[in-house]
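All remarks here apply to the structure that follows.
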Amino acid sequence: MQTPFSDDSYEDRPLRRFIGRNLALLAFLALSTAGMLAAYFYFSPSSGVAEVVAAGSLEGALTAPFVKPVPAKPVTQRLAQSPAPVRFGVISGHKGNDSGSVCEDGLTEAQVNEDIAVRVIAQLQTHGIATDLLDEFDPRLANYAATGLVSIHADSCDYINDQATGFKVAGSGLTDSSQLSICVEGAYRQATQMNYHAHTITHDMLDYHAFREIAPGVPGIIIEVGFLNLDRQILTTQPDLLAGAIADGILCYVDQVRVGVRYAPSAGAAP
Ligand SMILES: [Zn+2]
């Protein structure tokens, strides 16, 4: 008698027949499933680690710093920085300290200096330049930071000789002030037609105290606007002309500074 599972009935079992016919395909599916499971379990973190990583609190494990350290290196700016606001200091010579040279009739150098200095300040302000009118020993001079400094003085009221007429300009020996000197000297000479009196520039002018007080890098000049004796007329009757000339010289320098900032080679801009 035949049993239902005898070999003779093999051809009659649909499942066995199906397996028999698709053995290669089934073997491939089984192997690939096993491979995928192996890969899945091989790369899965052990339980617990996954939760901690998800919570972001496991030190060292599968974490990376959010901020990548970058070594410091100089930054080369492609575009120039906008220039610092232009600011000029004007010292009214002897103001707040002494009268300077005094004439027989009582006219003082400090008075003449201040008449000119306040007008220089006013002129600069009409050109939108921030200004500081400073005393001779103004406390603000300590480490004073500005585009530049000009100190206004006048020469002796004593009669020395017929050559004791004219003006002179001396620049700080600590910070290159030649551009400012050249600008003010040229503008003053042109506007006043006065002589440049270079050979009476004294050690006091070159080693002027304010040059040592202001911040390093701030150019400074001292101008002796004329002699109170032989140049008295222009000094006392045309302060507007003299002040306008000094202001023009300062503006000439400010223009150079602005151009210099815009086209500084170190800023990487086109020349
Ligand atoms: Zn003086």
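The values are calculated or read from the model by the stated rules, or taken from the named source; none is laboratory data. All of these numbers come straight from a predicted model, not from anything done at the bench. Glycine gets a Cβ as well: all are built from the backbone with ideal geometry, and neighbour counts include every protein chain shown. Each accessible area value is taken on the protein alone, full model and side chains, heavy atoms only, with ligands, DNA and RNA left out. Shrake-Rupley method; radii C 1.70, N 1.55, O 1.52, S 1.80 Å.
Which ³J(HN,Hα) values in Hz, rounded to whole numbers, follow from the phi angles of segment 187-196 under the Karplus curve 6.51 cos²θ - 1.76 cosθ + 1.60, where θ = phi - 60° and Gly and Pro get x?
With coefficients 6.51, -1.76 and 1.60, one gets 5, 5, 5, 5, 6, 9, 6, 7, 6, 8 Hz.
Sort 109, 104 by accessible area with a 1.4 Å probe, largest first.
In descending accessible area the options line up as 104, 109.
Over segment 87-265, what lengths in whole Å, largest first, do the semi-axes of the equivalent ellipsoid take, defined as the square roots of 5 times the eigenvalues of the alpha-carbon gyration tensor?
After diagonalising the Cα gyration tensor, the semi-axes are 25, 17, 15 Å.
When Lys and Arg each count +1 and Asp and Glu each count -1, what net charge do the other residues less than 14 Å away from residue 127, Cβ to Cβ, add up to?
+1
Amide H of residue 132 versus every other amide H placed in the peptide plane: which residues, excluding those fewer than 5 positions away on the same chain, fall under 5 Å?
Residues meeting the amide H criterion: 88, 89, 90.
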